[in-house]
Amino acid sequence: MRSAHIVLDGHVVAENLSLDFAGGRTTCLLGRSGVGKTSLLRHLAGLLPGTEAAGPVAYMAQRDLLLPWLSVLENVLLGYRLRRDGAARRAAEPRARALLAEVGLGARLQDLPHTLSGGMRQRAALARTLCEDRGIVLMDEPFGHLDAVTRLDLQDLAARLLQGRTVVMVTHDPLEALRLGHEIRVLSGMPFSVGPVIAPPGAVPRDPSDATLLALQARLIGELRSGA
């Protein structure tokens, strides 16, 4: 991204912003509420007026956004349905079924969303995102509405299934960023600026009880406070 100008509802969120994201790795974006994390993600996705997507992207929102009248399988294939590409949809169905098996929903293909738990719905949303088979995946607090144990489980699952893709993930949780991010960037100010790369050691997903991670978590919380 080079010299980007991001405006939302008449407010300048970022100006002359240049930012690189490491290919095939996960970059986590941290920052206080309202700083512009979601606006940056929507800019990358080409969802703001006058913007174009950074490339072929898949976007996973904060909530699962499953359509209640479609089965789990049809929700995972929703993108192909909306594009009215029957041939591509038929070609993608084996991948959708395989992904649903990967996320533990192989026996729930024909179930409606209201029969699933919150964690199951998020797994279905993750499968839908991956079924688009895009090299760039944008995720906006995808696990923020889950209980702690389910959240850890889905972080582990996402780290495995997203391996090798270029991922940009917004989160409010420093420990989540430290578990999943190959690189972490902190946004602060208005218009926001982006802090230097923080690269935690070790392979993802990292152990949340690791002393090094906990020390980095304290550092990140300090940066978030000082950037208020």
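Looking only at region 43-87, residues that are part of a helix (DSSP H, G or I), under 14 Å from the mean Cα position of the chain (by Cα) and surrounded by fewer than 19 Cβ atoms within 10 Å (Cβ to Cβ) come to 0 in all. Taking region 162-182 as the range and being out of contact with any helix residue (DSSP H, G or I) (no Cβ under 9 Å at 6 or more places or on another chain) and surrounded by fewer than 18 Cβ atoms within 10 Å (Cβ to Cβ) as the test, the residues that pass are GLN163, GLY164, HIS182.
The number of residues in region 88-104 being buried (at least 16 other Cβ atoms within 10 Å of the Cβ), more than 20 Å from the chain's Cα centre (by Cα) and not charged (D, E, K, R) comes to 1. When the residues of region 186-198 are filtered to those that are free of Cβ contacts under 8 Å to residues at least 40 places away in the same chain and surrounded by 11 or more Cβ atoms within 10 Å (Cβ to Cβ), the one that is farthest from VAL7 (Cα to Cα) is ILE198. Close Cβ contacts (under 8 Å, 6 or more residues apart or on different chains) running from residues in region 154-165 that are closer than 11 Å to PRO205 by Cβ to residues that are hydroxyl-bearing (Ser, Thr, Tyr) comprise ALA159/THR26; LEU162/THR26. Report whether or not ARG63 is free of Cβ contacts under 8 Å to residues at least 40 places away in the same chain and out of contact with any Leu (no Cβ under 7 Å at 6 or more places or on another chain). Answer is no for this residue. From the list GLY31, GLY36, GLY50, which residue is modelled with pLDDT under 95 and more than 22 Å from LEU224 (Cα to Cα)? From the options GLY31, GLY36, GLY50, the qualifying one is GLY50.
The values are calculated or read from the model by the stated rules, or taken from the named source; none is laboratory data. If you're wondering where the values come from, they're calculated on a predicted model, not measured in any experiment. Glycine gets a Cβ as well: all are built from the backbone with ideal geometry, and neighbour counts include every protein chain shown.
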